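Quick note: the coordinates plus some simple rules give every number you see, no bench work behind them. If you're wondering where the values come from, they're calculated on a predicted model, not measured in any experiment. Ideal geometry is used to build each Cβ from the backbone, glycine not excepted, and the neighbour counts take in all protein chains shown.
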């Protein structure tokens, strides 16, 4: 069961976990990954998350389907926020349920690597001095993280 | 910050997450791993978790300290239950907070592999037909999972 | 054909979207980028480093050598930074 | 020296713990396992496959070749199945 949502509002991790595992009796492992906004040493007032509305849900659903095809899951929920997010607030949630722990952990890891490099979202900094900061640069490390899954089909 | 608890009672994942991240502004990734009791195709009434009270807290704390030394974490919480646990109920919680996602994901993965192979807990099955089942056998796969961290110091 | 721009590509070209009639000889994503870069100042600013630009054709990621034939919506944007 | 037994080791030997005076010549975990296996029927049942038995000395995992000198609490149990 795949659930994908793009929303401006915060999400309730516990409520999503309850939804995902309701009635399931073969879930032995539940992994939640929550991505949060850091304050970047006090420099950051908020992150602005721009997205491509027409494509974001489709693309994240494609990534979720790949994740489900690749790992033995009992359920997968992905929620990505857009709009303004303050330090300490949530940006993204990945929730993976499986019979066995490695599948759930790896699914969350895989999902996040591909979200970072394929989901059409862009972050811009709003600074505590009241100015508009830069667009966040894509990280080469994220590309390398995503490339791991092509190099090593079993890891 | 390391928190380790051994308890009979269920835990509240959301409350533990809130505790761990309260006041933190440099947490970019929060991973929760919840281990749940499966029903083994309807065969299982409950799992009985026996533990070595004198050693369990000490050993899990040692594993948590190794985890903290190995990955750049902002916080780590580990809770392991003992006593009777019914299908669908929680057995173990690992909560890892970090600035960056790989550290949080790998810390949860590492922590679980070592919990499985080093924490002094033993599971016994209570069956739906009213009889006492077998002690759960340790899995060779768990030993291999734990051995990964010795083979490859960077993964 | 509808063109969409996001993040700093949108800011530099000075618009979020536009409708264009695709000129003769423009067959791939790469051709279209070169044409936009040559069209005006905003295009030059947005596409002066074509190698960093990502594209999507009809809401699916597309490499620069992908043909545009049949495309209804083409989007240009920087490398993604979501998640 | 206090001995503790857990899970099926406890069931087979028929007790959760006991206090023993360590006999002369018993120097390692392995020696103690062999002595317990030879002591009585419960010991034989619990320790008939010594290679699968895990041990802890004073609440720390110990290999079978570890010396017992100075130990106050030795525990025997099957491979762990927590988590």
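For chain C, the relative contact order works out to 38 percent when only alpha carbon pairs closer than 8 Å and six or more residues apart are counted. Each copy carries residue A:100; placing its label point 7 Å along the C-beta direction from Cα gives inter-copy distances of 3.0 nm, listed from smallest up. Sorted from nearest, the other copies put their residue B:65 label points 5.0 nm away, the label point being 7 Å from Cα in the direction of Cβ. Mean partner shielding of peptide D:3-11, defined as the number of other chain Cβ atoms within 10 Å of each residue Cβ, is 4. Label-point spacing at residue A:10 relative to the other copies reads 2.3 nm, in ascending order, each point sitting 7 Å out from Cα along Cα→Cβ. By the beta-carbon count within 10 Å of each Cβ, the least crowded to most crowded order of B:100, A:82, fewest first, is B:100, A:82. When the alpha-carbon atoms of the stretch C:2-77 are used, the pair Rg, Dmax equals 10.9, 28 angstrom.
The DSSP beta bridges internal to the stretch C:2-77 are antiparallel in roughly 75% of cases.
For the protein assembly as shown, what D do you get in µm² per second when you plug the Kirkwood radius from alpha-carbon pairs into Stokes-Einstein at 25 °C and 0.890 mPa s? After rounding, the answer is 98 µm²/s. Among the residues of A:59-68, the average count of other protein chain beta-carbon atoms within 10 Å of the residue beta-carbon is 1. Gyration tensor over the Cα atoms of chain B: the corresponding equivalent ellipsoid has semi-axes (square roots of 5 times the eigenvalues, largest first) of 28, 18, 14 Å.
For peptide A:21-31, the mean count of partner chain Cβ atoms within 10 Å of a residue's Cβ comes to 6.
Summed over qualifying helices (DSSP H, 4 residues or more, each -39500 (n - 2.57)) and divided by its residue number, the protein assembly as shown shows a 222 nm mean residue ellipticity of -10500 deg cm²/dmol. Quick check: Cα centre of the stretch A:75-108 to Cα centre of the stretch D:38-79, how many Å? Each part reduced to its Cα centre gives a spacing of 43 Å. This ranking places B:80, C:61 by how few other beta-carbon atoms lie within 10 Å of each, fewest first, which gives C:61, B:80.
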